[in-house]
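The values are calculated or read from the model by the stated rules, or taken from the named source; none is laboratory data. Note that this is a predicted model, so its numbers are computed, not measured. Using ideal geometry, Cβ is built from the backbone for each residue, glycine included, and neighbour counts are taken over all protein chains shown. For the accessible areas, the whole protein counts, side chains as well, though only heavy atoms, and no ligand, DNA or RNA atoms are used. Shrake-Rupley method; radii C 1.70, N 1.55, O 1.52, S 1.80 Å.
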There are 2 protein chains.
Amino acid sequence: MKALVVDDDLVLADVVSFTLRRAGFDVLLAHDGVTALERFYAESPGIVILDLQLPSKDGLEVCREIRTKSDTPIVMLSVRDSDDDVVKGLALGADDYITKPFSPAQLVARAQAVLRRAGKNPLPGKLTFVGITLNPDRHTFERPDEPPIQLTQLEFKLMETLMLNHEQVLSVNTLIDRVWGPNGADRAMLKQLVYRLRRKIEPEDTDNTVYIEAVPGIGYALMRRNQ
Amino acid sequence: MKALVVDDDLVLADVVSFTLRRAGFDVLLAHDGVTALERFYAESPGIVILDLQLPSKDGLEVCREIRTKSDTPIVMLSVRDSDDDVVKGLALGADDYITKPFSPAQLVARAQAVLRRAGKNPLPGKLTFVGITLNPDRHTFERPDEPPIQLTQLEFKLMETLMLNHEQVLSVNTLIDRVWGPNGADRAMLKQLVYRLRRKIEPEDTDNTVYIEAVPGIGYALMRRNQ
DNA sequence: CGATTTTGTGACCGTCTTGTGACCACATCG
DNA sequence: CGATGTGGTCACAAGACGGTCACAAAATCG
């Protein structure tokens, strides 16, 4: 799945592309509107990540032109929280938007959600990692050739966070924040939740491909079983 | 089918009209309340897309005046958090509303739904999904080779919403909003309505092709029976 | 007007989810 | 050595949730 990233901020573009690549996208870059359209026509990406402030051609214009030619999903990036531009962008046919600053996880989640909604699931669109899939529509966890496993709201949020940052250790506080929000729960609750999630995704009989690893004193990480 | 788009934001109006044109509407534009009414009388559009914030004449006033003269369907545009205006508009006779930001697909879907409900459908047609049909004229639900089932207003709106988004989970709040409008009912009412709708569309003796699935903690979805 | 249908409200029940405390094994450190 | 903190497991209770029912209020219709 090709993703075209259009941003004149070189550093930000770099970060975005790095994040998307790690999530399995094949990333193309453009730093202004004109080359964005050129690359769009040349490479036919499956999704476009589009900054609104651009030199040589405004983001909204790029959005419109792309939309006249195809219905490729577009995710907009905008600084201002004046949702004026956002409204225009969405009206022009953009499918979603993210206001800066944003977390890489956010971007990936939105991009995949948009692809899912558009029905263009090259990879089922959902959140995948080494063969397993998280289905946000039904809050299920799916392994190939296995019936889906229903997750509760909290279990789903935890799993989602771990998958978005797979093979990365997330601190206890970070996880609590993602799952329960600020002023959330305490360590004991997270411990409990991890236990419950493990029992659903790491049954002893199957050769589970992923598992939740505890890093003492730090937090947890979703790892892939080696070989 | 003529559609009159009333919005003082030139860019947004442009975009909305572009979207509607692509969906097959013949679009007229007005950027303030007075000209909106002029064009309305001159051209007799089949539907009006009306922004609530307008110069020279408030959107609510325009809505009221149109409604005193005819029953042309009206879809209002409003910024989020102005529930008050939305309520007033609906009370004044508007047929539906969309809060910004919205997606073009939403707008078209709503406009067509409103037209369908109003019985004036030169465009698409009844709402069908895997063989079953929703007939907006008679508020009936039809299965092949079965007598039509009469639905109440609320049951119909719920079914319509579920069918427009079939095989997608809709949150409880979304459903409440679509069925009862803003400041609508509570979860208990939706629960009750789902129960009543189920008894009509999922009788035990027939091999029902669709069913309403509850996703705990999230909402409901209209699903098709296994493969 | 009365009769019927539709809609809203409350209650009950079984189930699932979530929060809490307890216990154990293990490691670290004074 | 024991005190302390860690993560893993379990049991239990409070609460939320969905499904069902009965009944009253409100709307509709003849």
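Return the FRET efficiency for the residue pair B:T68, B:R138: r is the Cβ-Cβ distance, R0 is 25 Å, and the value is rounded to the nearest 0.05. Numbers along the way, then the final one.
Working: r = 28 Å, r/R0 = 1.13.
Here the calculated transfer efficiency is 0.35.
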Chain A, helix-only ellipticity at 222 nm - DSSP H runs n ≥ 4, -39,500 (n - 2.57), divided by all residues, nearest 500: -13000 deg cm²/dmol
Around A:L190: net Lys/Arg minus Asp/Glu count, Cβ-Cβ under 14 Å: +3
Drop in accessible area of at least 40 Å² in the complex versus isolated chain, residues of the stretch A:144-158, 1.4 Å probe: A:Q153
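How many Å² of accessible area per residue for the stretch B:127-224, probe 1.4 Å? Numbers along the way, then the final one.
Values: 4960 Å² over 98 residues.
With the other protein chains kept in place, the stretch B:127-224 gives 51 Å² per residue.
For A:K200 and A:R21, what is the calculated FRET efficiency with R₀ set at 35 Å and r taken between the beta-carbons, to the nearest 0.05? Mind dumping the intermediate values first?
On the way: r = 30 Å, r/R0 = 0.86.
Between A:K200 and A:R21 the formula returns 0.70.
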Karplus 3J(HN,Hα) series, Hz, for the stretch A:36-41 with 6.51 cos²θ - 1.76 cosθ + 1.60 (x for Gly, Pro): 4, 5, 4, 5, 4, 5
Taking a ≥ b ≥ c as the square roots of the eigenvalues of the Cα gyration tensor, with a/c under 1.5 meaning rounded and otherwise prolate when a/b exceeds b/c and oblate if not, chain A is prolate
Distance from the Cα centre of the stretch B:146-193 to that of the stretch A:162-196, in angstrom? 35 Å
Once the label point is set 7 Å along the Cα-to-beta-carbon vector, what list of distances in nm do you get between A:D145 and its counterparts in the other copies? 3.8
With the 8 Å Cα cutoff and a minimum separation of six or more residues, chain A has a relative contact order in percent of 12 percent
Give me the 1.4 Å probe accessible area per residue for the stretch B:2-117, excluding ligands and nucleic acids, in Å². 39 Å²
Would you calculate the separation in nanometres between label points at A:M189 and B:R224, each defined as 7 Å from the Cα along the Cα-to-beta-carbon direction? 4.1 nm
Over all residues in B:12-20, what is the mean tally of Cβ atoms on other chains that come within 10 Å of each residue's Cβ? 4
Under 5 Å from the placed amide H of B:L29, counting only residues 5+ away or on other chains, we find B:V5
To one decimal in nm, how far is B:A185 from the same spot in the other copies, if labels go 7 Å from Cα toward Cβ? Please give the shortest first. 3.2
Result for interface chain A to chain B, accessible surface buried in total, 1.4 Å probe, Å² to 100, stands at 1600 Å²
Report, for the protein assembly as shown, the % of DSSP beta bridges that are antiparallel, rounded to 5. 50 percent
Principal-axis tilt of helix A:187-201 within chain A, Cα atoms, nearest 10 degrees: 90 degrees
Share of carbon and sulfur in the accessible heavy-atom surface of the protein assembly as shown [1.4 Å probe, %]: 48 percent
Relative to the other copies, what are the label-point distances for A:F18, with labels 7 Å from Cα along the C-beta vector, expressed in nm at one decimal and sorted shortest first? 3.4
³J(HN,Hα) computed for each position of the stretch A:93-99 - Karplus, 6.51 cos²θ - 1.76 cosθ + 1.60, integer Hz, glycine/proline x: x, 5, 9, 6, 8, 10, 9
